[in-house]
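Presented below is the structure to which this report refers.
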Amino acid sequence: MGDEKSAPTRVEQQRLRALPSVSSLIQHPAIAPYAREVGARSLTRLAQLVLEEARQAILAGRATGDVVAVLQRKLQKLSQPRLRSVINATGVIIHTNLGRAPVSDEAARAMAEVAGRYTALEIELESGRRGGRMSELSQLLSLLTGAEAGLVVNNNAAAVLLVLSTFCAGRAVLVSRSQAVEIGGGFRIPDVLRQSGARLVEVGTTNRTYVRDYAEAISDDTAAILSVHWSNFRIIGFTVQPELGELAELAHARGLLLIEDLGSGALLDTAAYGLAHEPTVQEAIAAGADLVCFSGDKLLGGPQAGIIVGRRELIEQVERHPLARALRADKTALAGTAVTLRHYLRGEAIEKIPVWRMIATPLAALEARCQTWQSALRDLVETEIVATDATVGGGSLPGETLPSRALALGAEAIAEVVPGLTVEELARRLRTGQPPVVGRVEADRLLLDARTVLPEQDEALVEALRRSLAIS
């Protein structure tokens, strides 16, 4: 009996009676226009939910807020797509929270074209017979990486899972203790091995693993050696890791597969642009890896995809595994990946692929663009051009930075334009504007880093700043 809910107090009853009815709420002048946006039935349902939330708040003794305003905010969010184009002024090139790598204009057009039309996905147009969806991509990947064949699935986690499930289920896989890692989104190598049905056997120590550690751990139950590239962290100091070629020699001498999880999928030498050298897919194949898995939407610069390259007979086995259909990439990802790979084939990746354009842009060009922004805002707000460090991001090249330039707006300058406006509030206004602009706040200044803003977005960034500073 003690658990029974007590009756509403007089004050609560008054507050409950003050709530509008569903019909009056949806007919309110601020709400009625949304009927066209979301439909009358959905509008009614959402109004009922808002009123029920308000009733529960009243009975719990909490404030309810203006139900009209609450419903209007929900409707505004519902009527606008959440996935909107954003101007990335953070200085993080492959920004996971902002969709990782933007694709080239040509790749975007190809993806839109196949999405809105029928496409020759699994048909050979000349013969009219059913064809393989991977024939084009496999050839492109072979030409670019030196592998015999390739396969594209929906992301790199899927690629690793599929390879392990195909060749290692029920058997042991050797992994250096330093490589039994977790990367973004809770993707853990031990968990993926377990899910694939393989058994993890850790070898070596956290900081030092030798070829002999792998050799001593091999048994009749061992299926493969898995090498995992340190994509998002470093171990420095008193360390040893075998070269991939050494592992390949051991694996092949003992009848095992060598599988490389390369992560970012670089096809170009990052050292040529002032960064540390990121192992390339070509290097992994040349070193003797049987299968190499990597992402399509990181340093490759294409749409989200997981790519597997390697020996032809192994790729064909992977393609036949039941999981391959569940994890396969859709036609838009295939189209965008094919265009992206052709940029590399034609030697135009630096000019065409946004990630590489950003990495390769000279500092003087970034300085000039910041000066253009500054000039366009001179009549409104005082700004400063400051030296910054941009990062590659996306779990690539940890600790590596590129010199960059940013437009800085300090707290005092902002308050002179809009009294009481803080740096954090201006940053919020920019994020919620149209188009959204995402910068970063450091030392009570808003920084807008030019390295990650596409040149064609310059005018939109300036206009977004002017609108945000004009709001009282």
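The values are calculated or read from the model by the stated rules, or taken from the named source; none is laboratory data. Remember, predicted model here, so these are calculated numbers, not experimental data. Ideal geometry is used to build each Cβ from the backbone, glycine not excepted, and the neighbour counts take in all protein chains shown. Accessible surface areas use protein heavy atoms only, side chains included; no ligands, DNA or RNA. Shrake-Rupley method; radii C 1.70, N 1.55, O 1.52, S 1.80 Å.
Computed from point charges on the beta carbon alone (+1 for Lys and Arg, -1 for Asp and Glu), the dipole magnitude for the stretch 294-430 about its Cα centre is near 980 Debye.
Shown for the chain: the carbon plus sulfur share of the solvent-accessible area, taken with all protein chains present and a 1.4 angstrom probe, equals 50%.
Sorted largest first, the spans of the alpha carbon positions of the stretch 370-472 along the three principal axes are 42, 28, 24 Å. The 3J(HN,Hα) values that the Karplus relation (6.51, -1.76, 1.60; θ = phi - 60°) gives for the stretch 255-271 are, in residue order, x, 10, 8, 10, 10, 10, 9, 8, x, 6, x, 6, 10, 10, 7, 5, 5 Hz. Gly and Pro appear as x.
Counting only protein heavy atoms and a 1.4 Å probe, the stretch 180-337 has 43 square angstrom of accessible area per residue.
Considering only alpha-carbon pairs that sit under 8 angstrom and 6 or more positions apart, the relative contact order computed for the stretch 153-263 is 29 percent. With the simple model of a label 7 Å out from the Cα in the direction of the Cβ, R320 to E12 spans 6.8 nm. Sparsely packed loop sites in the stretch 297-356 (the GluC sites (Glu not before Pro) outside DSSP H, G, I, E and B with at most 13 other Cβ atoms within 10 Å) do not occur.
Restriction of the trypsin sites (Lys or Arg not before Pro) in the stretch 1-80 to DSSP coil positions whose beta-carbon has at most 14 other beta-carbons within 10 angstrom yields K5, R62. The convex hull built on the alpha-carbon positions of the stretch 269-362 has an orientation-averaged projected area of 6.8 nm².
The label point for E367 and the one for H28, both projected 7 Å from the Cα toward the Cβ, are 5.5 nm apart.
Rounded to the nearest 20, the Cβ-based charge dipole of the chain about its Cα centre (Lys and Arg +1, Asp and Glu -1) stands at 1940 debye.
The Stokes-Einstein estimate for the chain, based on a Kirkwood radius over Cα pairs and taken at 4 °C with 1.567 mPa s viscosity, is a diffusion coefficient of 50 µm²/s. In the chain, a dipole from Cβ-located charges (positive for Lys and Arg, negative for Asp and Glu) runs towards its positive end, and of A198, L144, V386 it is A198 whose Cα lies farthest in that direction. If R0 is taken as 56 Å, the Cβ-Cβ distance between R208 and Q139 corresponds to a FRET efficiency of 0.85. Listed by number, the DSSP H helices of the chain that run 24 Å or longer by alpha-carbon position along their axis and have mean Kyte hydropathy of at least -0.5 are 40-59. Which is farthest toward the positive dipole end of the chain among T209, V67, A376, measuring Cα position about the Cα centre, with Cβ charges +1 (Lys, Arg) and -1 (Asp, Glu)? It is V67.
Between the listed residues V50, L446, G310, the Cα displaced farthest toward the positive end of the dipole of the chain, a dipole computed from Cβ unit charges relative to the Cα centre, is found at V50. Overall, the stretch 56-172 carries a charge dipole of about 740 debye about its Cα centre when +1 sits on the Cβ of Lys and Arg and -1 on the Cβ of Asp and Glu, all other atoms neutral. Rounded to 0.05, the FRET efficiency of the A276 and L59 pair, given R0 = 60 Å and the Cβ-Cβ distance, is 0.50. Other residues whose C-beta falls under 15 angstrom from the C-beta of R405 contribute a net charge of -2, scoring Lys and Arg +1 and Asp and Glu -1.
Here's how it looks for R208: its modeled amide H is under 5 Å from those of V240, which are all 5 or more places away or on a different chain. For the chain, the relative contact order works out to 19 percent when only alpha carbon pairs closer than 8 Å and six or more residues apart are counted.
Pairs of Cα atoms nearer than 8 Å and 6+ residues apart set the relative contact order; for the stretch 115-183 it is 15 percent.
Close amide-amide hydrogen proximity is noted between A172 and R199, T222, A223, each under 5 Å apart and 5 or more residues distant or on a separate chain (H modeled in the peptide plane; Pro and chain starts excluded).
Starting from a Cα-only point model with no solvent, please compute log10 I(q)/I(0) by Debye for the stretch 157-312 at q = 0.12, 0.17 1/Å. Treating every Cα as an identical point scatterer, log10 I(q)/I(0) equals -0.47, -1.00. Descending by average beta-carbon neighbour count within 10 Å, the peptides 452-463, 87-98, 390-401 line up as 87-98, 390-401, 452-463, the highest first. Look at where the Cα atoms of the stretch 429-454 and of the stretch 328-376 average out, and the two centres are 20 Å apart.
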